[in-house]
Each structure stands twice: as C-alpha cells, then as structure tokens.
Amino acid sequence: MKTFKILGLLLAYPKPEIIDHLDEMIAVLAQENLLPKRALKKVTAFARSLQGRDIYEIQEDYVELFDRGRAHCLHLFEHIHGESRDRGQAMVNLVEAYGEKGFYITPGELPDYLPLFLEFLSHCPAEEATELLGDPINVIGAIGIKLKKRKAPYAVIFEALESLSRVKPDAAMMAEAKAAPVEELTAEDIDKDWEEAAAFDNTDVAGDDCNSCSAFPNAAEALKEFTDPAPQHLNGGQ
C-alpha cells in the first residue's frame with residue numbers, strides 16, 4: 001500500500017522533489033482510502049500547508065525539530081537502545097528481516113529510520129503492514145505526543161500511523177510521555193549530546209546520530225511511482 005510510503009516521505013527531509021509531488025501523493029491517499037477520514041483530512045491539510053511555503057524555511061523547521069536533540073529522533077532504536085551495542089544487533093536483525101521480504105537497503109541507510117521502515121511496509125500486504133506497524137507503535141506514539149506538546153504540525157503523521165496500527169500504544173508509556181517536560185536544548189546541550197554519543201561509538205552501526213537530512217537518500221527513487229502521468233499507475237502497486 002502506497003499510503004505507508006507517502007507517510008514516510010512526508011516525514012523525510014523535505015527535498016524539493018517531495019514538495020513538488022504533494023498533489024499526487026494526496027490523490028493516492030484518497031484513492032487508497034486506508035486512513036480513517038479524520039486522519040486523512042489532517043494529513044491532507046498538513047501536506048497542503050507545505051505547498052505555499054519557502055523550501056528553505058520548511059527545511060530549517062524540519063532540522064530544528066528532528067535533528068536538534070533526541071526527543072523526536074526518527075531512528076526508532078535510538079529510543080529503545082540509545083547508543084548501546086544492543087542497537088547494533090537490533091540493526092542487523094532488522095536488515096535481515098527486510099531481506100527475508102525481498103527488501104534491500106543501500107549503504108548509508110539505517111534500517112531503523114522511520115521513513116525507511118514505512119517504505120518497507122508499503123511493500124507488504126495491507127494486513128501484514130498494519131500488524132508489523134504495531135512493533136514500534138510505543139515509540140511512534142511517544143514521539144507523536146512530544147510533537148503535539150510542541151504544537152508541531154508533523155504530529156498529525158504520527159496520529160495517522162497510530163490509526164493504521166492493529167496494536168495501540170501502551171497507556172502507561174503514553175502517560176509518561178505526556179508527563180515529561182518539553183525538551184528545550186541550548187547550543188551547549190546539543191554539543192554535549194553529540195560528544196556523549198561519540199564516546200559510545202559502535203562500529204557495528206553505520207552511523208549513530210539522529211541526523212535525518214541524508215538518512216533517506218532514495219527519496220527520489222521512492223517518488224518514481226508518483227511521477228508517471230498514467231492514471232493507472234496511481235491505482236496500481238502494492
């Protein structure tokens with residue numbers, strides 16, 4: 001189902017080729033009708049809000065939100081394992097799980113990057129995809145709550161993902177996320193954060209930070225399905 005791929009693209013670093021094809025992506029979301037009406041309306045409004053803005057302003061807001069600190073990090077295992085060596089093994093296991101489904105990632109891509117995980121789900125049957133989405137749903141739900149507390153528009157994407165999952169987030173964990181203070185980092189805090197990350201450098205992991213700007217290099221490749229003008233192309237696929 002392309003719905004998962006589109007939600008992933010909306011969470012990826014906002015490159016011009018993504019913004020240029022928002023109309024096509026919105027049309028596919030409506031055609032597949034996988035999202036509940038309320039979630040579809042919110043995601044559509046979010047996508048529309050990006051169209052009239054300056055691309056550099058959108059990118060600046062994105063980096064400030066997702067790449068400054070770790071509260072909203074889009075690398076799922078960061079929230080589970082941090083910089084421990086368990087994260088490296090979890091990465092290996094996830095790559096193997098992708099390979100078993102015939103989904104192979106390129107060098108430089110981290111398998112736990114949420115937009116990439118959603119790209120993987122788009123290659124699965126809808127029922128299986130909604131079931132697999134339940135595996136990281138606690139992390140997804142917690143990030144969504146933190147974004148909502150900051151009044152960040154990207155929160156609607158996380159709400160949409162929750163609506164698609166067959167498993168709902170753990171209530172106690174969500175209550176903890178709601179009670180946590182909003183992360184406010186100074187430049188010094190950010191520098192210290194990355195210094196600590198370097199101290200836990202793990203060569204088993206191809207990169208160990210939360211920088212999302214270059215973590216999804218194949219965004220243009222993923223958009224090929226939306227650039228074909230033939231109407232049947234938008235209706236087909238998994």
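Here L118, L74 are screened, and the one residue that is in contact with a Gly (Cβ under 7 Å, 6 or more places away or on another chain), among the hydrophobic types (A, V, I, L, M, F, W, C) and surrounded by 21 or more Cβ atoms within 10 Å (Cβ to Cβ) is L118. Checking each residue in segment 92-140 for being among the hydroxyl-bearing types (S, T, Y) and assigned to a helix (DSSP H, G or I) picks out Y98, T130. Can you find even one residue in segment 119-129 that is under 26 Å from P181 (Cα atoms) and out of contact with any Phe, Trp or Tyr (no Cβ under 7 Å at 6 or more places or on another chain)? No, segment 119-129 has no match at all. Every condition in (1) under 14 Å from Y13 (Cβ atoms); (2) open to solvent by less than 20 Å² (accessible area, probe 1.4 Å); (3) not β-branched (V, I, T) is met by E60 except one, and the failing one is (2). When S212 is tested against the conditions (1) open to solvent by less than 70 Å² (accessible area, probe 1.4 Å); (2) assigned to a helix (DSSP H, G or I); (3) at pLDDT 65 or above, the lone failure is (2).
Hey, can you tell me all the residues within segment 141-169 that are part of a loop (DSSP other than H, G, I, E, B) and free of Cβ contacts under 8 Å to residues at least 60 places away in the same chain? Of everything in segment 141-169, those that are part of a loop (DSSP other than H, G, I, E, B) and free of Cβ contacts under 8 Å to residues at least 60 places away in the same chain turn out to be K151, S165, R166, V167, K168, P169. Quick check: anything in segment 77-91 crowded, with 18+ Cβ neighbours inside 10 Å, at pLDDT 85 or above and not aromatic (F, W, Y)? No: zero hits. The selection criterion, being basic (K, R), assigned to a helix (DSSP H, G or I), at pLDDT 90 or above and more than 14 Å from the chain's Cα centre (by Cα), does not hold for R53.
Kindly establish whether R48 is within 17 Å of A152 (Cα to Cα), in contact with a His (Cβ under 9 Å, 6 or more places away or on another chain) and touching a residue at least 24 places away in the same chain (Cβ under 8 Å). So R48 does not fit the description; no.
Scanning segment 30-51 for residues being out of contact with any Pro (no Cβ under 9 Å at 6 or more places or on another chain) and of a type in the set (S, T, Y) gives a total of 1. Of all residues in segment 56-73, those that are hydrophobic (A, V, I, L, M, F, W, C) and assigned to a helix (DSSP H, G or I) total 4. Looking at segment 32-47, is at least one residue of a type in the set (K, R), surrounded by 17 or more Cβ atoms within 10 Å (Cβ to Cβ) and part of a helix (DSSP H, G or I)? Yes, the conditions are met somewhere in segment 32-47. Contact map, segment 14-41: residues that are charged (D, E, K, R) paired with residues that are open to solvent by less than 10 Å² (accessible area, probe 1.4 Å) and in a helix (DSSP H, G or I), Cβ distance under 8 Å, separation 6+ or inter-chain. Pairs shown: K15/A219; E17/A219; E24/F226; E32/K2; E32/T3.
For segment 96-108, the count of residues that are buried (at least 17 other Cβ atoms within 10 Å of the Cβ) and in contact (Cβ under 8 Å) with a residue 60 or more places away in the chain is zero.
The values are calculated or read from the model by the stated rules, or taken from the named source; none is laboratory data. If you're wondering where the values come from, they're calculated on a predicted model, not measured in any experiment. Using ideal geometry, Cβ is built from the backbone for each residue, glycine included, and neighbour counts are taken over all protein chains shown. In case anyone asks, the SASA skips ligands and DNA or RNA and just uses the protein heavy atoms, side chains included. Shrake-Rupley method; radii C 1.70, N 1.55, O 1.52, S 1.80 Å.
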